[in-house]
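I have placed the structure first, in the form of structure tokens, so that the comments after it can refer back to it.
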Amino acid sequence: MTTDHRTRPHATPATPARVTVMGAYGHTGRFVVAELRRHGLVPILSGRTPQRLAALGELHPDLETRPATVDDPDSLDRALAGASAVINCAGPFASTAAPVIDAALRAHVPYLDVTAETEVVLDTLAAYGDRARAAGGLIVPAVAFYGGLGDLLATAAAGDWTTGDADTGTAVDRISIAYALSGWRPTDGTRITGQVSSARRSGGRILYADGRLRTRSGDAPRADWTFPDPIGTRPVVGEFTMADSATIPTHLAVKDIDTCMTVSAVDDLRSADPSGPVAVDESGRSAQTFLVEVVATRDGETRRAVASGQDIYAVTAPLVVEAARRVLADPHRPSGVVTAGALADPRDFLTSLAPGHLTLDFTN
Ligand SMILES: NC(=O)c1ccc[n+]([C@@H]2O[C@H](COP(=O)([O-])OP(=O)(O)OC[C@H]3O[C@@H](n4cnc5c(N)ncnc54)[C@H](OP(=O)(O)O)[C@@H]3O)[C@@H](O)[C@H]2O)c1
């Protein structure tokens with residue numbers, strides 16, 4: 001069946017929306033496909049390697065498979081034809097984001113991705129902010145464990161601290177994001193993406209300070225962070241800047257963002273073990289657990305939001321699918337490049353994921 005890809009079908013009970021998943025057979029893409037199905041949406045499976053796509057298609061014989069490569073715009077147009085949205089799970093996004101966004105704009109459908117690449121979020125804002133707004137298109141980058149969850153928690157913690165100080169323009173003095181992972185067995189995609197990001201920074205690291213991202217060299221600082229029970233005080237690597245430092249400032253005037261990660265997780269990430277996550281339940285989740293604590297500070301007052309759960313790759317799927325569902329259901333959805341924290345009420349968004357995916361605690 002051919003469908004005019006300029007049309008914008010919307011979800012109704014009779015015709016469930018179709019959502020193209022780029023990189024559908026990757027580790028994260030598979031979680032996203034399963035989560036879309038759980039909500040009655042119909043994934044269109046896409047990716048660049050026909051054999052891997054066909055193998056996933058055998059597990060979902062009722063779904064369409066549409067091979068597409070980022071250097072062939074026609075193949076991307078075919079992959080998006082008749083879809084109501086596209087979720088890009090193919091990374092490094094330094095290679096895939098722009099061509100898939102271009103295809104989404106041509107197809108007049110919203111684009112969402114799960115990038116963890118800070119620079120890709122910045123590139124997306126710079127290249128597509130005005131273009132998408134002018135075209136009435138919506139681009140939602142980094143709706144994922146890194147980039148999305150911290151953005152939602154920070155925005156929820158800041159609450160009504162949205163108005164900038166009359167002198168400085170700053171609404172929040174500092175946002176601290178502390179990640180505690182029980183372990184981290186990265187996927188191939190994470191490893192390759194880390195190499196691409198590191199090369200872009202010439203081996204340096206980035207830090208959001210005094211209202212902008214800057215590059216640092218030398219060793220990252222180490223300290224202790226006291227997480228809520230039962231984790232308690234753990235050694236952490238500081239200046240472990242993630243995509244949250246690009247997403248949060250798009251809508252919250254914050255002076256400094258500092259990010260830290262438990263040392264054991266950083267050591268796991270840098271180890272040579274290529275084995276990747278190991279599934280321990282029928283949904284494919286690994287035994288990895290996470291806790292993310294976000295502290296917002298203004299004029300000496302602090303507000304806190306905490307989320308914990310299981311498997312950073314698996315939880316990315318409910319984050320991005322919830323965003324897609326809200327976008328598809330909203331006849332007045334915004335246009336431009338919009339990040340998770342600005343897409344919807346962040347507390348409502350997070351709370352909707354609490355059953356089964358997140359345990360939440362807010363102090364304000
Ligand atoms: N922000 C977050 O918290 C978060 C969470 C999960 C994942 N991610 C990101 O998502 C990406 C995928 O991670 P993963 O864990 O799913 O890794 P994975 O299992 O290794 O899968 C990588 C996927 O990307 C595809 N891909 C890679 N380069 C491509 C290109 N140039 N064109 C088209 N497809 C390409 C791969 O297709 P082939 O196998 O055909 O090469 C595969 O489908 C990574 O960039 C990772 O950092 C971010």
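Values quoted throughout were computed directly from the atomic coordinates according to the rules given, and no laboratory measurement underlies them. Since this is a predicted model, take the numbers as computed values, not measurements. When we count neighbours, we look across all protein chains shown, and the Cβ atoms used for this are built from the backbone with ideal geometry, even at glycine.
Suppose we keep just the DSSP beta bridges with both residues in the chain; what percent of those would be antiparallel, to 5?
Given both bridge residues lie in the chain, the antiparallel proportion sits at roughly 55 percent.
Return the ratio Rg/(2.2 N^0.38 Å) for segment 212-287, where Rg is computed over Cα atoms only.
Output field value: 1.38.
Using modelled amide H (1.01 Å from N, peptide plane; none on Pro or chain starts), what sits under 5 Å from the amide H of Arg285, excluding residues fewer than 5 places away?
Val280
Of the options Val306, Ser335, Val294, report the single residue whose Cα projects farthest towards the positive end of the charge dipole of segment 290-335 (beta-carbon charges: Lys, Arg +1; Asp, Glu -1).
My answer, from the dipole projection, is Ser335.
Classify segment 11-86 from the C-alpha gyration tensor, please: rounded if a/c falls under 1.5, else prolate or oblate depending on whether a/b exceeds b/c.
oblate
How do Phe145, Phe349 line up, fewest other C-beta atoms within 10 Å first?
Ascending Cβ contact count within 10 Å gives the list Phe349, Phe145.
When the Cα atoms of segment 226-364 are enclosed in a convex hull and the volume is divided per residue, what value in Å³ results?
Once divided by residue count, the hull of segment 226-364 is 154 Å³.
Cα-based Rg (one decimal) and Dmax (whole number) for segment 44-118, in Å?
Both quantities, over Cα of segment 44-118: 11.9, 36 Å.
How big is D, in µm² s⁻¹, for the chain by Stokes-Einstein at 4 °C and 1.567 mPa s if Rh is the Kirkwood radius over C-alpha pairs?
Approximately 63 µm²/s, per Stokes-Einstein.
Given Cβ point charges of +1 (Lys, Arg) and -1 (Asp, Glu) and nothing else, what value in debye, to the nearest 20, does the dipole of segment 175-316 about its Cα centre take?
So the dipole magnitude of segment 175-316 works out to roughly 520 debye.
Give me Met261, Met22 ranked fewest to most by other Cβ atoms within 10 Å of their Cβ, as a rough exposure proxy.
Sorted ascending by nearby Cβ count, the order is Met261, Met22.
Given Val196, Ile231, Ile257, which one lies farthest toward the positive end of the charge dipole of the chain, if we put +1 on the Cβ of every Lys and Arg and -1 on the Cβ of every Asp and Glu?
Result: Val196.
Counting DSSP beta bridges in segment 136-288, what percent are antiparallel, to the nearest 5?
For segment 136-288, the DSSP antiparallel bridge percentage is about 65.
How many angstrom lie between the Cα centre of segment 102-148 and the Cα centre of segment 215-235?
Distance between centres, Cα-based: 31 Å.
What whole number of Å gives the distance from the Cα centroid of segment 270-342 to the Cα centroid of segment 58-95?
23 Å
For n ≥ 4 DSSP H runs only, could you compute -39500 (n - 2.57) per run for the chain, divide by its residues and tell me the 222 nm figure to the nearest 500?
Computed mean residue ellipticity for the chain: -11000 deg cm²/dmol.
Based on the alpha carbons, how large is the Rg to Rh ratio for segment 53-206 when Rh follows Kirkwood?
Taking Rg over the Kirkwood Rh, I get 1.02.
Plugging the Kirkwood radius over Cα pairs into Stokes-Einstein for segment 209-251, at a temperature of 20 °C and a viscosity of 1.002 mPa s, what D comes out in µm²/s?
Reported coefficient: 171 µm²/s.
Arranged by the count of other C-beta atoms within 10 angstrom, fewest first, what order do Cys89, Cys260 take?
Fewest-to-most ranking of Cys89, Cys260: Cys260, Cys89.
Which value, in debye to the nearest 20, describes the size of the charge dipole of the chain about its Cα centre when Lys and Arg Cβ atoms bear +1, Asp and Glu Cβ atoms bear -1, and nothing else is charged?
600 debye
Report the gain in length on full extension from Arg222 to Ser182: 0.36 nm times residue separation, minus Cα-Cα distance, nm rounded to one decimal.
12.6 nm is the gain from fully extending Arg222 to Ser182.
I need the phi-derived Karplus couplings for segment 153-169: 6.51 cos²θ - 1.76 cosθ + 1.60, θ = phi - 60°, integer Hz, Gly and Pro marked x.
5, 5, 5, 5, 5, 5, x, 7, 7, 10, 8, x, 4, 4, 7, 9, x
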